[in-house]
Amino acid sequence: MARSKHDLRSEATRQALVRAARSLFGARGYADVGTEEIVRAAGVTRGALYHQFHDKAGLFAAVAEEVEAEITGRIAAGAAGESAEPMDVLRAGARLFLEACAEPEVERIILLDAPAVLGWEAWRDLYARYGLGLVQLGLQSAMESGAIVRQPVTPLAHALIGALDECALYVARAEDPATARQECAAIFDQILCGFSPGGQPNAPSRP
């Protein structure tokens, strides 16, 4: 069914608000951006903002949803193109996730502001809604290939997503994010290897 002109205008207004808010939130953070600045950047009225969203927090939720969806799409495409081996795909996905979280806009919106603005539970639900399916698919493929011992996929996927979330937060607060990201990627690899038929590999010796 063809969409009406009103629907198209409404969608255009919504997209303009999300685009403007994303740029401002990503640059300066949620707390330092006012609604007047957002509507001015979007080229719409204040009434249009409140017609589309209940409040500034509702607009932020839409921005966070858009950013999370883009991250998931990029990870899915990038990890699938790296290797046909399921374990390599899982490793690549973790690395790409940590790299995405290091981007200033993603770090500010998803890691620093979203837990406070959305609330912890809603923030975790957002992560799970977009990332859980990807991790489950990767784990299922790894189990079918014999790279990972067969076990319940869903709880394992939740556990791995929790580990990645904590790694991303750790990297965001680290004094040396690049080193922290490499360390977290190596730790995640150790975790994955622990589920292989051969078990956990020997831990690297301390320098």
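The values are calculated or read from the model by the stated rules, or taken from the named source; none is laboratory data. These numbers come from a predicted model, not from an experiment. Heads up, the Cβs are rebuilt from the backbone with ideal geometry, glycines too, and the neighbour counts pull from every protein chain shown. Accessible surface is based on the protein model in full, side chains and every heavy atom, while ligands, DNA and RNA are left aside. Shrake-Rupley method; radii C 1.70, N 1.55, O 1.52, S 1.80 Å.
From 160, 90, 126, 139, which residue is buried (at least 19 other Cβ atoms within 10 Å of the Cβ) and in contact with an Asp or Glu (Cβ under 8 Å, 6 or more places away or on another chain)?
Answer to the selection: 126.
Identify, by number, the condition in (1) within 20 Å of residue 70 (Cβ to Cβ); (2) under 24 Å from the mean Cα position of the chain (by Cα); (3) not hydroxyl-bearing (Ser, Thr, Tyr) that residue 42 doesn't meet.
All conditions are met except number (2).
Only residues that are open to solvent by 100 Å² or more (accessible area, probe 1.4 Å) and at pLDDT below 95: list them for the stretch 1-45, please.
1, 3, 5, 6, 9
Which of the helices (runs of 4 or more DSSP H) contained wholly in the stretch 12-125 include at least 1 residues that are under 25 Å from residue 153 (Cα atoms) and hydrophobic (A, V, I, L, M, F, W, C)?
56-80, 86-101
Can you find even one residue in the stretch 144-151 that is buried (at least 16 other Cβ atoms within 10 Å of the Cβ) and closer than 18 Å to residue 75 by Cβ?
no
Would you please list the contacts, defined by Cβ atoms under 8 Å and residues six or more apart or on different chains, that run from a residue in the stretch 80-109 that is at negative phi and in contact (Cβ under 8 Å) with a residue 60 or more places away in the chain to a residue that is in a helix (DSSP H, G or I) and acidic (Asp, Glu)?
Sorted first by the residue in the stretch 80-109, then by its partner, the pairs are 86/144; 91/189; 94/189; 101/107.
Before we move on, is residue 104 under 26 Å from residue 194 (Cβ atoms) and open to solvent by 70 Å² or more (accessible area, probe 1.4 Å)?
no
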